[in-house]
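The values are calculated or read from the model by the stated rules, or taken from the named source; none is laboratory data. Everything quoted here is computed from the prediction, not taken from an experiment. A quick note on method: Cβ atoms are made from the backbone with ideal geometry, for glycine too, and the neighbour counts reach across all protein chains shown. Side chains included, ligands, DNA and RNA excluded: accessible areas come from the protein's heavy atoms. Shrake-Rupley method; radii C 1.70, N 1.55, O 1.52, S 1.80 Å.
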Amino acid sequence: MSLDRRSLFRAGGALAVVGGLSTAAAAASGPAAAEGAGRGPAEDGLPTRNPLVEQRADPFITRPVDGMYYLTGSVPEYDRIVVRGASTLDGLATARERTVWRRPASGPMGGYIWAPELHRIDGKWYIYFAAGDSDQPFRIRTYVLESANADPRESGWVLRGQMVTAWDTFTLDATTFEHRGKRYFLWAQSEPGINTNSNLYIAEMASPLALRTAPVRIAQPTLSWEVQGFRVNEGPAVLIRNGRVFVTFSASATDARYCMGLLTADENADLLDARSWTKTPTPVFTTNDATRQYGPGHNSFTTVGDRDVLVYHARDYRDITGDPLFDPNRHTRVQRLYWNDDGTPAFGVPVGKGGPAVRLSPVDSPHLVVRHFEYRLRVDGNVRELADSQFRIVDGFLGAGTAAVQSVNFPDRYARVDGTSLRVDPYEDGDAYGRLASFVRVEGLADRDAVSLRLSADPSAYVAHDGSGRLVVTKPGNDRRARERATFRLA
C-alpha cells in the first residue's frame with residue numbers, strides 16, 4: 001500500500017492469451033505429461049497455478065504452522081481482515097475464507113484497512129495491520145490484533161491497540177522477525193522533516209505489542225526507480241539465508257511503476273545500525289510487458305520443504321482508470337525463489353498466467369541448467385538471468401501425447417528443433433512449426449524420477465546436451481553417458 005495515491009493448443013481445457021497469442025494457460029493443471037515422467041512442481045508441493053488468489057493485494061502467506069499455510073491480504077473494499085488456510089499452497093486458491101475482524105462504523109480504524117500480516121509468536125497469533133480513521137481514511141497508523149487460538153481463522157481476536165513509534169505520522173506495512181534471540185519490528189513511516197512519503201525503519205521489540213528501542217531508518221527513496229509518482233519505500237519482507245539478512249521492499253506508485261528493491265546486511269552485523277544495510281542500486285523485480293505482469297510488489301516469503309517461495313501481487317494489465325489504489329485487480333501470485341551461486345536471491349521476472357515454471361538440469365551435470373541465450377538453447381552454470389532458464393512444459397501442437405517447451409520470459413516462443421540444435425522461436429501457425437516444436441515427454445532414460453524429451457517425428461531421437469554447452473538432437477541408443485545427457489531433472 002502507499003500514501004494517499006490516487007486453435008493453437010489446449011492445456012487443462014483452458015485457453016488464455018499471452019503476448020497477443022492464444023497459448024496454453026493451464027491455470028489449474030500441472031506440466032503436460034506423456035507416457036509418465038518424473039515429478040514436477042505439483043507433486044513437490046509447489047504452486048501449479050498463477051494467479052493463486054484473485055483480488056487479494058499485499059499478500060502474506062505464513063510459513064507452514066502445524067502443517068498449515070495461512071493467507072491474508074488487503075481486500076478491494078479495504079474494510080476488513082480475512083484469513084484462509086490450507087495444507088498446501090495450491091489449496092489456498094479454493095480454501096474458504098473467514099473474516100476475523102471488521103473496521104468499526106466510525107472513529108479510529110474506521111477508514112481504509114491495509115496490508116495485514118499474520119505472525120505466530122510465543123504460542124499466540126498476531127495480526128499487524130494499517131488503518132485510517134473514518135473521517136480521515138488516509139490518516140494511516142499501525143495496529144495489532146491478538147488471538148490465543150491455535151487456528152487463526154477462529155473468532156476471538158482481541159484488538160490490542162496501536163503500535164507506538166517515535167512519531168505520530170503515516171505508518172504502515174509492519175512486519176516482524178526473530179534473529180539471534182532478538183525480535184525485530186520493521187515498517188514504513190513518514191518521518192517529520194524528510195520529504196518522502198515513506199521510509200523503512202527497524203527497532204527491537206520488547207514484546208509483540210511494543211518496541212524496546214528507538215527506530216532506525218535503514219532506507220529512504222532516493223533512486224530514480226523509487227520516486228516514480230511518489231517517494232516510497234514500503235512493504236518490507238525478511239529472508240535470512242546464506243549468512244545474510246535480506247529485506248525486500250516496494251517502491252514508487254502502485255501502478256505499473258511499482259517494483260521491488262533489496263536491502264542486505266551481514267547476519268553478524270548490528271541490524272540496528274543503519275550502516276549495516278546496503279541497498280541494491282537497481283530494482284530486483286519489475287513490470288514485465290512480455291509476461292503481461294504489471295506493478296509486482298508488496299511481497300512476502302514462504303517455504304515448501306527446503307525451497308523458498310516468493311509471494312507478491314501484480315496486475316494483468318498496464319492501463320488503469322482512476323486511482324490505481326482503488327483498482328481491485330492486484331492478484332496474489334506465487335513462484336519459486338532461486339539462489340545465485342554467490343548466495344544472493346534470484347527473482348527472475350513475474351511469470352504470466354499458467355501452470356508452474358520449471359528449470360531443467362541434466363542429470364550428469366546437476367550444476368548446469370538449460371537456458372536460452374540469443375534464442376539458442378544451451379546448458380550453463382550460474383545463470384544470473386533466472387528467467388532465461390525457466391520454462392513451462394505444456395501440451396504440444398500435434399495433439400494428445402505431445403508436449404511443448406514454452407519460454408517463461410518470452411511466452412510467445414517455444415523450443416524448436418533447428419537442424420541438429422534447438423532454439424526458442426515465436427509460434428507459427430503451421431504444421432512445420434508444430435512438428436519441430438512438439439516433443440514426447442517420457443520417463444528419464446537414465447533416471448526414472450527425471451524426464452527425457454523425445455522427438456515426436458523420430459522415436460529414437462532425443463533432446464540432449466553435447467558436453468560443450470549446446471542443446472542438440474541426439475540418438476543415445478544404449479550408451480549410458482549419452483542417455484544421461486538426454487535426461488533432465490525438473491526443478
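Considering only alpha-carbon pairs that sit under 8 angstrom and 6 or more positions apart, the relative contact order computed for segment 213-292 is 25 percent. A straight Cα-to-Cα reach below 18 Å connects Lys182 with the lysines Lys124, residues fewer than 8 places away in its own chain not being considered. The calculated FRET efficiency for Leu159 paired with Asn382, based on their beta-carbon distance and R0 = 35 Å, is about 0.10. The helix-only estimate of mean residue ellipticity at 222 nm for the chain, built from DSSP H runs of length n ≥ 4 each weighted as -39500 (n - 2.57), is -500 deg cm²/dmol after division by the residue total.
Between His179 and Asp316, the modelled label-to-label distance comes to 3.8 nm, taking each label 7 Å out from Cα in the direction of the beta carbon. Over segment 281-416, what relative contact order in percent results from Cα pairs under 8 Å that are six or more residues apart? Answer for segment 281-416 is 18 percent.
With a Förster radius of 60 Å applied to the beta-carbon distance between Asn478 and Arg217, the computed FRET efficiency rounds to 0.40. Protection proxy ranking of 110-119, 277-286, by the mean of other Cβ atoms within 10 Å over each peptide's residues and highest first, is 110-119, 277-286. Size of segment 55-181 from its Cα atoms: along the principal axes, largest to smallest, the extents are 41, 36, 24 Å. Residues whose amide H comes within less than 5 Å of that of Ile121, counting only those at least five positions distant or on another chain, are Tyr126 (H built at 1.01 Å from N in the peptide plane). Set the Förster distance to 25 Å, then compute FRET efficiency between Thr169 and Ala210 from the Cβ-Cβ distance, nearest 0.05. Working from the Cβ atoms, E equals 0.85.
Shown are Thr222, Thr291, Thr321, Thr94, whose ranking by accessible area with a 1.4 Å probe and every protein chain present, most to least, is Thr321, Thr94, Thr222, Thr291. With the cut-off at under 16 Å, measuring from each backbone N in segment 404-418 to a point 7 Å along the Cα-to-Cβ line of Ser468 picks out no residue. You can think of it this way: the chain between Val65 and Leu272 has 71.7 nm of extra reach, that is 0.36 nm per residue less the Cα-Cα gap.
Only one item in [x] 1.15; [y] 1.12; [z] 1.01 matches Rg/Rh (Cα atoms, Kirkwood Rh) derived from the coordinates shown, and that item is [z].
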